[in-house]
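Every number here is computed from the coordinates shown, using simple stated rules; none is lab data. What you see is a predicted model, and the numbers here were worked out from it, not measured in a lab. With ideal geometry, Cβ positions are generated from the backbone for all residues, glycine too; neighbour counts draw on all protein chains shown.
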Amino acid sequence: MKKTLLKNLHVINPCADPALLENAYVAIAGDTIESVSSSEPSGEFDVVHDLCGKTALPGMINAHHHLYSALAVGMPLPKNNPRNFNEILEQVWWEMDLALDRDSTQACFEAGLVDSLKAGTTTIIDHHCSPSYIEGSLSLLAETSEKLGLNISTAFEISDRNGQEIFEASLQENIAAISKFSATQYVHPMLGLHASFTLSDASLRKIRDAAGKLDSWGIHAHVSEDKADEADALNKGYNSVLERLEEFDLLNENGLIIHGLHIKDSDLELIQKHGSQFVHNPSSNANNRVGMTPNQNLNKLKSGLGTDGMQSNMLREGKEGMLIRSSHLEGGEDSVDYMQLLFKNNAEIASKLFSGSHGSSRKLGYILPKYQADLAIFDYLPRTPISESTIFGNIFFGLSGLPCDVMTRGEFRIRDYQLLDVSEQEIKANAVEQAKKLWSNFN
């Protein structure tokens, strides 16, 4: 087993005690941290890296991403201006995802994962959709992630909106991935559901029956992102979207509930009752003008933080979430601790999911002993004193750039801002060509 030592490194664990250890030594065995100390550990090391006073954060976790949207940057706007969230879905995202083929899907995965890695995001919980390329798409995602050394959670969006054949194929792609990857260390497969307003009761029953044949499973589902989702549940005879999902036995401790802007107090109790995880996506919610998740939902449910495909930079998402919320508050009103969502809650969510997928204990999201050696290292010279009491300001208002070095599983994937295992130039050049083709197919 390879033994690696990092020295002269300022280690920040924002939600640990201590949160700051200056001039630290980090000893790594294989893919796991052995020790973090202020004095040099004894023993022999195969490799010693002098980080020369750089600053390390834990490799960050994106608790909800849509990598398939990577080629949407700058794409042409729809001919008619969408008037509500449903029209945004119909005129933008459903047009785009239907146009994805294998080549453009692969370009999305490669470009999106490279951007994640460059931003210091080392674990991605993804929710994928490419209705014209279903079979094998989640295996392609897992393979692409493995090349870059990332942790990936897979899910394919199941929906009725493209007809019965695509519904069945989407369900089977999830089942196939769960069967294939449940024992894989760096992959956590889930059961992807689109918002329930695109799923009939008969479809939810089929999903439940298929899930019941699996040893372990959890849904990764959009819930109550817009008021229309709740209105649909009411029209179908249910008190709420979550009560509808519970009716079909689709809530459990392995599930991810995404968005939840318009859920009721009784829904909070349902999530807590089943032990499901909750994930907040502030920049996407602001962009789609669907509202803002209430403080109590985030605090009571120990919410994680995702980007919903808007970006791959979690530091930026945390800062933007804080500023978006502050713009809606009066002076003196309590806000939400986005540092906790990003560094504490996301670590707990990812550690739980990735441990459950293969029966071993995977610890993600801290630079501490027994945690996976995933680090985002910044060439950061603070302009004000840095201490445990000033970490918040330094992280959200000081660390404005990308990490210079990124390590995953005990191996450097980026050194001096350059990817070591793949050619970013080739990946991005291919993405540009695939984006041109994709845009021409639905505009």
(message) Take the residue pairs LYS3/LYS118; LYS118/LYS319; LYS7/LYS352; LYS54/LYS302; LYS147/LYS428; LYS118/LYS363 and return only those whose Cα atoms are more than 20 Å apart.
(response) LYS3/LYS118; LYS7/LYS352; LYS54/LYS302; LYS118/LYS363
(request) Return VAL92, VAL48 ranked ascending by Cβ neighbour count within 10 Å, so the fewest neighbours appear first. (result) VAL48, VAL92
(request) Starting from the exponent 0.38 and prefactor 2.2 Å, build the expected Rg for the chain from its residue count and divide its actual Cα Rg by it. (result) 0.96
(request) List the residues whose amide H sits under 5 Å from the amide H of MET75, counting only those 5 or more places along or on another chain, with H placed 1.01 Å from N in the peptide plane. (result) none
(message) Sequence gap at least 6, Cα distance under 8 Å: using those rules, report the relative contact order of the chain to the nearest whole percent.
(response) 21
(message) Show me, for segment 375-381, the HN-Hα J-couplings you get by feeding each phi into the Karplus relation (A = 6.51, B = -1.76, C = 1.60, θ = phi - 60°), rounded to Hz, glycine and proline as x.
(response) 9, 10, 10, 10, 8, 10, 10
(request) Show the residues, 5+ positions off or on another chain, whose built amide H is closer than 5 Å to the amide H of HIS49. (result) LEU5, LEU6, LYS7
(message) Could you sort the peptides 150-157, 6-13 by per-residue average Cβ neighbour count (10 Å cutoff), highest mean leading?
(response) 150-157, 6-13
(request) With everything on Cα atoms, drop me the angle between helix 346-356 and the longest principal axis of the chain, reported from 0 to 90° to the nearest 10. (result) 80
(request) For ASN13, list long-range residues whose amide hydrogen, built 1.01 Å from N in the peptide plane, is under 5 Å from its own amide hydrogen. (result) LEU20, LEU21
(request) Mind pulling the angle between the C-alpha long axis of helix 314-326 and the longest principal axis of the chain? Nearest 10 degrees, somewhere in 0 to 90. (result) 60
(message) Give the separation of the Cα centroids, segment 244-323 to segment 66-112, in Å.
(response) 22
(request) Could you tell me how many degrees, from 0 to 90 and to the nearest 10, lie between the Cα long axis of helix 164-181 and the main elongation axis, the longest principal axis, of the Cα atoms of the chain? (result) 30
